[in-house]
Structures are given as structure tokens and as C-alpha cells.
Amino acid sequence: MGANVNGVEADVFTRAGCEHLLCEAVKQSGPVYGLVSCPAFQKVSPFLDLLPDDFEKVIQGTLFSSFHMSQLVARQMVDEGVAGKLVFISSVLAQRPMAQKSAYCAAKAGLNQLARTIAVELASHRINVNVIEPGWIDTPGEREAFTPKFFEDETPKMPWGRLGTAQDIGRAATFLMSPDADYITGTVLPVDGAFRFRDGRMLD
């Protein structure tokens with residue numbers, strides 16, 4: 001695509017890892033003007049069987065990691081006087097409950113409200129803070145979790161007739177990171193092809 005990209009490996013599930021990531025990014029590319037934050041960890045388990053340690057790990061990996069990375073980046077933006085952008089990747093499960101994903105749903109709901117609150121506080125610094133809520137996205141992880149037959153049966157049932165793609169989410173993030181979104185902040189944008197409303201359709 002004609003762009004130069006620098007990669008930095010870090011454990012963003014820890015504060016030290018987030019600090020390392022930001023420090024190396026600044027060394028390689030200069031001040032940070034935008035952050036797309038997408039750390040996550042999921043444990044699928046019935047609520048009655050969910051281990052406390054697993055619940056905490058999901059919250060740590062999804063919510064705490066987003067807090068650490070966004071706070072560090074926002075502090076640098078404020079110190080540099082940068083009117084930057086923060087975009088969090090959440091999930092429609094922040095609003096749509098799903099069995100056996102209680103920890104993940106709770107973490108994403110917390111992430112949405114964290115982002116809205118950050119948006120209020122950072123508005124005076126002209127730092128936009130928004131959230132993307134993906135629906136069911138066709139990823140390698142999903143392909144590992146379900147059989148080909150399951151995809152074949154379920155895909156036609158989707159309101160849009162297909163699963164979402166990484167490109168769908170990328171286009172939304174590109175828009176929210178662009179100057180076209182300068183007057184948008186504190187917004188939660190579902191990018192799900194109406195997946196969250198799939199149970200509300202009339203059936204033939």
C-alpha cells in the first residue's frame with residue numbers, strides 16, 4: 001500500500017508492557033497522534049463453572065489493558081499538545097448478552113463506558129475518543145472455534161447475508177482516525193451488519 005510500518009512486540013496485558021510499546025513506538029516513529037486499541041482475552045464458560053481467576057484474566061486482558069495503553073498515549077498527546085484520536089475496539093456483546101461469555105460481555109461493557117468517560121475528560125484537549133463495536137467477524141480464531149458446517153449453516157441467517165470482515169472494521173477505524181471525524185467523540189459505532197438485531201426479524 002506504499003506505507004512504512006514499524007512493528008513493536010510487547011505484552012500489553014501489563015503496565016510495563018504498555019510503557020515499553022509506547023516508548024519504542026515514539027523512538028521509531030515520533031509522537032503518537034492516534035491509537036487503535038484492541039487487546040482482548042476471552043474465556044468461554046458457563047457462569048456457574050467460570051473460575052474467578054479466568055474472570056479476572058478476561059477483565060485484565062480486555063479492560064485494564066485498554067486503560068493502561070490509552071492513558072499513556074493520552075498523557076503524551078496532552079504533553080505534546082497533540083489533538084489526537086483514540087479508538088477502542090469493543091464488541092456488540094457489550095450490549096447484547098450471550099451465554100457462556102459473561103466475563104467478556106462485562107469487560108466490553110466496561111470498556112464502552114470507560115471510553116465515553118475519557119471522551120468527556122479529553123474534549124478540552126481536542127482528543128477524540130470513540131468505540132467500534134464489531135459483530136460476528138470472520139477471523140482465524142472464529143474458524144478454529146467452529147466447524148465449516150456451522151459457518152455454512154449460520155452465515156445465510158445473518159441479516160446482511162454474510163459475516164463481517166477485518167476490512168469492515170478497518171474502514172470504520174480509518175474513518176474515526178481521520179480528519180473527517182474531528183467532530184465525533186464519545187460515540188459507540190456498531191459495525192455488525194445488524195447482527196445485534198438478528199433476533200428481531202420477521203421469519204418466513
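Worth pointing out:
- Screening R201 against (1) modelled with pLDDT of 95 or more; (2) open to solvent by 30 Å² or more (accessible area, probe 1.4 Å) leaves a single unmet condition, (1).
- Condition check for A103: in contact with a Phe, Trp or Tyr (Cβ under 9 Å, 6 or more places away or on another chain) and over 22 Å from K85 (Cα atoms): yes
- Considering residues of the stretch 144-168 that are modelled with pLDDT under 90 and acidic (D, E) only, the residue surrounded by the fewest Cβ atoms within 10 Å (Cβ to Cβ): E144
- Boolean, L93 is modelled with pLDDT of 95 or more and either hydrophobic (A, V, I, L, M, F, W, C) or within 22 Å of I132 (Cα to Cα) (or both): no
- Restricting the stretch 17-61 to residues that are small (G, A, S) and open to solvent by less than 80 Å² (accessible area, probe 1.4 Å), the residue that is farthest from S102 (Cα to Cα) is G30.
- Residues located in the stretch 176-203, provided they are assigned to a helix (DSSP H, G or I) and in contact (Cβ under 8 Å) with a residue 60 or more places away in the chain: L176, A181, F195, R196
- Qualifying residue in the stretch 119-128 (condition: of a type in the set (G, A, S) and open to solvent by 20 Å² or more (accessible area, probe 1.4 Å)): yes
- Residue list for the stretch 111-134, restricted to those being more than 15 Å from A74 (Cβ to Cβ) and of a type in the set (D, E): E133
- Of all residues making up the stretch 79-106, the number that are surrounded by fewer than 20 Cβ atoms within 10 Å (Cβ to Cβ), in a loop (DSSP other than H, G, I, E, B) and at negative phi: 7
- Any chance V73 is under 27 Å from T187 (Cβ atoms), over 15 Å from the mean Cα position of the chain (by Cα), modelled with pLDDT under 95 and open to solvent by less than 40 Å² (accessible area, probe 1.4 Å): no
Yes or no, residue by residue, for (1) of a type in the set (D, E); (2) assigned to a helix (DSSP H, G or I):
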{"position": "K108", "(1), (2)": "no, yes"}
{"position": "A115", "(1), (2)": "no, yes"}
{"position": "L122", "(1), (2)": "no, yes"}
{"position": "E144", "(1), (2)": "yes, yes"}
{"position": "D153", "(1), (2)": "yes, yes"}
{"position": "W160", "(1), (2)": "no, no"}
{"position": "T174", "(1), (2)": "no, yes"}
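The values are calculated or read from the model by the stated rules, or taken from the named source; none is laboratory data. These figures come from a predicted structure and were not determined experimentally. Note that we place each Cβ from the backbone using ideal geometry, even for glycine, and neighbour counts take in every protein chain shown. Ligands, DNA and RNA are excluded from the accessible area calculation, which covers all protein heavy atoms including side chains. Shrake-Rupley method; radii C 1.70, N 1.55, O 1.52, S 1.80 Å.
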